[in-house]
Amino acid sequence: MQSLLRFWGTALLLCLTLFFATLTLAVISKTWFATETHSGKDRVAVLELKGVIYKSSGFTHRLTELLQDKTIKAIVVRINSPGGLVGPSQELFESLKKANEQLPVIASIGSVGASGGYYAALGSRIIFANPGSLTASIGVISEFVNLHKLYEWAKVERVTLKAGKLKDAGTENRAMTPEERDFLTALIQDIHKEFKAQVKERRKLTTEEVERWTDGRVMTGSQAKAAKLIDQLGGLDDAITEAKKQAGLPANAPVSYLHSQKKSFLRDILLDASGDDTEDETSALFNWANYFLTTAPDRTGSWRVLLLSPVR
């Protein structure tokens, strides 16, 4: 019994020690090493949008919080994304478009801001990109694989029960029928039509210009500037300078750098020392150059369309 009490006493002591050590580290970090909060000062907020776009809720929620902060007079969206799912990309575009009606929103494309990433950027007032940034890729792609012969070789039989003849269109256990191919092609073309319409309206292009540059091609920032798909060549600092100008702020106005999603307390204190986004950029570039994350049937037989165009 005495040994058991000693064990639990030691465990409790360790927990309390860890708690107070974490609390002390938090106080020291926030007091000595935290960046300026610029509380009460008119400022520019830099909000990141990085990685493959699977959802939009975290970004749009943070954007709403920024719009409620009366000290924030302009927002710079730093984009490092090869694109992603259609719906979330459209939601990001709409949220930035609405935000731009309230205060200046400037987009800054870093390594890559293509397809769904570029779609989101269209919601801003001005788009910046580096000369060597990868952008545009205004197209839609959906890829499917036929594993019928592989299943036969492995002596695997997959059985699909469905209600609705097109419910399993694109399934991997058989060849696609002409009707299914026409159906999926029409769906992708409809999404592409919506994308092109937004490009034409937001970039103020002629029909001829739209048809010329919306064939899914990837462009450098310099090429996109010549095609009128972006406004200015420059990096993040240039975008921040323009945001201050648009908001009527002085050149020395403070700038707050924010993540698209708030981190948990322990993660923020123990893991987030620099706010570096290298890992996400590397992952995005790997997807860009090698596979481009296309669609695939999931376990329910459904499928997804991504706003991505491949580099072969």
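Summing Lys, Arg as +1 and Asp, Glu as -1, what charge do residues with Cβ under 12 Å from the Cβ of Thr177 carry, Thr177 excluded?
Surrounding charge for Thr177 is -1.
Given H placed 1.01 Å from N in the peptide plane, which residues other than close sequence neighbours of Val77 have an amide H under 5 Å from its amide H?
The answer is Leu47, Ile106, Ala107, Ser108.
Show the residues, 5+ positions off or on another chain, whose built amide H is closer than 5 Å to the amide H of Ile53.
Placed amide hydrogens put Gly83, Gly84, Leu85 under 5 Å from Ile53.
May I ask you to compute the full-extension gain from Gln189 to Lys155, defined as 0.36 nm times their residue separation minus their alpha-carbon distance, rounded to one decimal in nm?
That works out to 8.5 nm of additional length.
Please report Rg over Rh for segment 44-179, where both radii come from the alpha carbon positions and Rh follows the Kirkwood definition.
Reported Rg/Rh (Cα atoms, Kirkwood Rh): 1.18.
Rank Ser137, Leu166, Val156 by how far each Cα sits towards the positive end of the charge dipole of segment 113-191 (+1 on Lys, Arg Cβ; -1 on Asp, Glu Cβ) and give me just the farthest.
Val156
Beta carbons within 10 angstrom, averaged per residue: use that to sort the peptides 169-178, 44-53, highest first.
Result, highest mean Cβ count within 10 Å first: 44-53, 169-178.
Computed FRET efficiency, Cβ-Cβ of His61 and Tyr257, R0 22 Å: what is it to the nearest 0.05?
Between His61 and Tyr257 the formula returns 0.80.
List, in the order given, every pair from Lys50/Lys73; Lys55/Lys155; Lys50/Lys244 whose Cα-Cα distance in the structure shown is over 28 Å.
With Cα atoms farther than 28 Å apart: Lys55/Lys155.
Give me the one-decimal nm value for the distance between modelled label points at Asp182 and Lys98, 7 Å along each residue's Cα-to-Cβ direction.
3.9
Once the piece of chain linking Thr206 and Leu16 is laid out straight, how much longer is it, given 0.36 nm per residue of separation minus the C-alpha distance between them?
Answer, rounded to one decimal: 61.7 nm.
Roughly speaking, what is the stretch gain from Gln68 to Leu166, that is 0.36 nm per residue apart minus the C-alpha to C-alpha distance, in nm to one decimal?
Contour length minus the Cα-Cα distance gives 30.8 nm.
Can you run phi through the Karplus equation (6.51, -1.76, 1.60; θ = phi - 60°) for segment 177-183 and list ³J(HN,Hα) in whole Hz, with x for Gly and Pro?
7, x, 5, 5, 4, 5, 4
What percent does the relative contact order of segment 30-158 come to when contacts are Cα pairs within less than 8 Å and at least six residues apart?
Once normalised by length, the contact order is 21 percent.
We did not get these values from a lab; they are worked out from the coordinates using the rules stated. Note that the structure is a prediction, hence the values are computed from the model and not measured. When we count neighbours, we look across all protein chains shown, and the Cβ atoms used for this are built from the backbone with ideal geometry, even at glycine.
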